[in-house]
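This report concerns only the one structure given below.
The values are calculated or read from the model by the stated rules, or taken from the named source; none is laboratory data. What you are looking at is a predicted structure, and each value in this text was computed from that prediction instead of being measured. Neighbour counts are summed over all protein chains in view; Cβ atoms, including those assigned to glycine, are modelled from backbone coordinates with ideal geometry.
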Amino acid sequence: MSDPTSPPTEPGADSVREGLRQRDDLLADAAERARRYLGTLGTRSVAPSTRALDELTRLEHPLPEHGSTPGAVLEQLDRIGSPATVAQAGPRYFGFVTGGTHPAALAAAWLANAWDQNNALYAMSPVGNALDRIAIDWVIDALGLPNGTGGAFVTGATMASATALAAARDHVLTEAGWDAHADGLIGAPAVQVITGAEAHTTVSKALGIVGLGRSRARLLPTDDQGRIVARNLPDIDGPTVVILQAGNVNSGCSDPFPELIEWAHAAGAWVHVDGAFGLWAAASPARRRFVVGVDQADSWATDGHKWLNVSYDCGIALVRDAADLRAAARSDAPYLVTEESVREPMHLSPQSSQRARGIEVWAVLAALGRQGLAELVDRTCDHAQRFAAGLDDAGFSVLNDVELNQVVVDFGPATDEIVAAVQAEGTCWAGPTTWRGRRAMRLSVSCWATMSSDVERSLATIVSIAQAHTSREERQP
């Protein structure tokens, strides 16, 4: 019989109390497991083994009727999950222009996750709001963009372009006498979109999201490096958005911004730049010549989780006139506590609830400084140059002008086999691509931790595998 003098047990109270008791030990255990995992990145296979992939099936079971202790869950996650990761945070991952999380960003992310801030409004997170604003200002400064530029953190370059293109769409329609904010696109004047034939796939996705159509863009011819050819440019008539590129996803080369932006602005068009990784070349005095004139555009999209080496996910939308960004993204409701004098993140992006991505960006830029950021860009570009030289010396065809951190190499008919063999061998990871009609391997050097020894080790492995495959091919009748 229960004691009538004792308070009733609140449902779930015991598990809450147990969780609070275990929290410090659990966090210490998680930190130790994370340190142990990171310590293996320099020596482990970049790709997971077949056995590790097979083990993932052990996580696949019906939802348990009764839960396990958080410690047991963490142990299982580490034991089964850690071996099945691709070592994207390591120094020999050269796929998808992916950076590895910088120590300052990782530590800041751990602290920020403990803070658990919803960065939608100043009232919800004064610290998140302040660091978001400062980080945006630092990015604008580092990239040499105009004073007064507004920005927002989003999930990645797709949403960064979609955010900026929403501002572009509304601006050019307003100039044409149409209130897109109130009336949408039904019955609106048609917005012409002009871009290069080598525009990244995320651009067409973003155009679809903002209602401008994935297939309506007029495509301008490009040269052998994917740059728009700034000759015989078409006439522009009516509301128009021109989309240019900083850093072709294969070659790394950029469009000739001065000529193209002058042509577009002369006709009243809005110029948006997709610069997911290439825009960061502007942070390097030695490499900014490859993106000269990019600051004259009206909006830009870039990523923090590529060359800046913050953790996933972190895209950055930037618009020359912050009022255009705010007009496109603002959201009001009676219950929202907003301050007109305060920069409210939810009024500058498609997201209302949002994690405080600016914390990590602030931490990395504070740790690197202007000189460290430039050195990061230059060092990875130098590594790419070394890859290109070594592959060329071995007799293989490097297809691009290695201006930044991208290398595209054709190994002949066996290219796909060689790419697969390199990935399976595990020393490094590089992906396949098709460039100007030729199958190729693409190496993207973006990680802060990559050293010359990693490049030499990876280069030797790639050349050895490629030579073995091409020799076997030559021996076949």
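Hey, residue 96 hits all of (1) of a type outside the set (Gly, Ala, Ser); (2) without any contact (Cβ under 8 Å) to a residue 60 or more places away in the chain; (3) on the phi > 0 side of the Ramachandran plot but one; which does it fall short on?
Looking at each condition in turn, residue 96 falls short on (2).
Quick one: which of 199, 206 is crowded, with 23+ Cβ neighbours inside 10 Å, in contact with a Leu (Cβ under 6 Å, 6 or more places away or on another chain), of a type in the set (Gly, Ala, Ser) and within 12 Å of residue 274 (Cα to Cα)? Show your work before the answer.
On the way: 199 fails: in contact with a Leu (Cβ under 6 Å, 6 or more places away or on another chain).
Residue meeting the stated conditions: 206.
Within region 171-192, is even one residue under 23 Å from the mean Cα position of the chain (by Cα), of a type outside the set (Gly, Ala, Ser) and assigned to a loop (DSSP other than H, G, I, E, B)? Before the answer, list the steps.
Filtering region 171-192 for residues under 23 Å from the mean Cα position of the chain (by Cα) gives none.
No: region 171-192 contains no residue that is under 23 Å from the mean Cα position of the chain (by Cα), of a type outside the set (Gly, Ala, Ser) and assigned to a loop (DSSP other than H, G, I, E, B).
Given (1) among the charged types (D, E, K, R); (2) over 30 Å from residue 457 (Cβ atoms); (3) loosely packed, with under 15 Cβ neighbours inside 10 Å, where does residue 133 come up short, assuming only one miss?
(3)
Give the residues of region 209-221 that are in contact (Cβ under 8 Å) with a residue 12 or more places away in the chain and either farther than 23 Å from residue 436 by Cβ or surrounded by fewer than 20 Cβ atoms within 10 Å (Cβ to Cβ) (or both), sorted by residue number.
Selection gives 209, 210, 211, 212, 213, 216, 218, 219, 221.
Residues are listed down the side, and each one gets a yes or a no for (1) modelled with pLDDT under 95; (2) under 21 Å from residue 100 (Cβ atoms); (3) in a loop (DSSP other than H, G, I, E, B):
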site	(1), (2), (3)
403	no, no, yes
415	no, no, no
418	no, no, no
424	no, no, no
439	no, no, no
447	no, yes, yes
455	no, yes, no
464	no, no, no
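Give me a count of the residues in region 254-291 that are assigned to a helix (DSSP H, G or I), touching a helix residue (DSSP H, G or I) at 6+ places or on another chain (Cβ under 8 Å) and more than 20 Å from residue 172 (Cβ to Cβ).
Going through region 254-291 one residue at a time, the tally reaches 10.
Does region 305-322 contain at least one residue that is among the aromatic types (Phe, Trp, Tyr), touching a residue at least 24 places away in the same chain (Cβ under 8 Å) and closer than 17 Å to residue 163 by Cβ?
Looking through region 305-322, none of the residues is among the aromatic types (Phe, Trp, Tyr), touching a residue at least 24 places away in the same chain (Cβ under 8 Å) and closer than 17 Å to residue 163 by Cβ.
Considering only residues that are within 18 Å of residue 105 (Cβ to Cβ) and of a type outside the set (S, T, N, Q), look in region 375-408 and name the one that is surrounded by the most Cβ atoms within 10 Å (Cβ to Cβ).
Out of the qualifying residues, it is 377.
Quick one: how many residues across region 317-364 are crowded, with 21+ Cβ neighbours inside 10 Å, of a type in the set (D, E, K, R) and under 25 Å from residue 174 (Cα atoms)?
So the answer is 3.
From the list 176, 206, 160, which one is under 20 Å from residue 307 (Cα atoms) and either among the small types (Gly, Ala, Ser) or in contact with a Gly (Cβ under 8 Å, 6 or more places away or on another chain) (or both)?
Numbers: 176 fails: under 20 Å from residue 307 (Cα atoms); 206 fails: under 20 Å from residue 307 (Cα atoms).
Residue meeting the stated conditions: 160.
Considering only region 185-193, I want to know if a residue exists there that is touching a strand residue (DSSP E or B) at 6+ places or on another chain (Cβ under 6 Å) and under 30 Å from residue 357 (Cα atoms).
Checking region 185-193: not a single residue is touching a strand residue (DSSP E or B) at 6+ places or on another chain (Cβ under 6 Å) and under 30 Å from residue 357 (Cα atoms).
Give the residue, chosen from 342, 319, 249, 310, that is of a type in the set (Val, Ile, Thr) and in contact with a Phe, Trp or Tyr (Cβ under 7 Å, 6 or more places away or on another chain).
Values: 319 fails: in contact with a Phe, Trp or Tyr (Cβ under 7 Å, 6 or more places away or on another chain); 249 fails: in contact with a Phe, Trp or Tyr (Cβ under 7 Å, 6 or more places away or on another chain); 310 fails: in contact with a Phe, Trp or Tyr (Cβ under 7 Å, 6 or more places away or on another chain).
From the options 342, 319, 249, 310, the qualifying one is 342.
Here's a check for you: in region 166-184, which residue that is under 22 Å from residue 200 (Cβ atoms) and out of contact with any strand residue (DSSP E or B) (no Cβ under 6 Å at 6 or more places or on another chain) is surrounded by the fewest Cβ atoms within 10 Å (Cβ to Cβ)?
That would be 169.
Say whether the condition of being touching a strand residue (DSSP E or B) at 6+ places or on another chain (Cβ under 6 Å) and not in a loop (DSSP other than H, G, I, E, B) is met by at least one residue in region 204-214.
Taking every residue of region 204-214 in turn, none turns out to be touching a strand residue (DSSP E or B) at 6+ places or on another chain (Cβ under 6 Å) and not in a loop (DSSP other than H, G, I, E, B).
If the requirement is being basic (Lys, Arg) and in a loop (DSSP other than H, G, I, E, B), which of these qualifies: 343, 379? Spell out how you get there, then give the answer.
Numbers: 379 fails: in a loop (DSSP other than H, G, I, E, B).
Every option except 343 fails the conditions.
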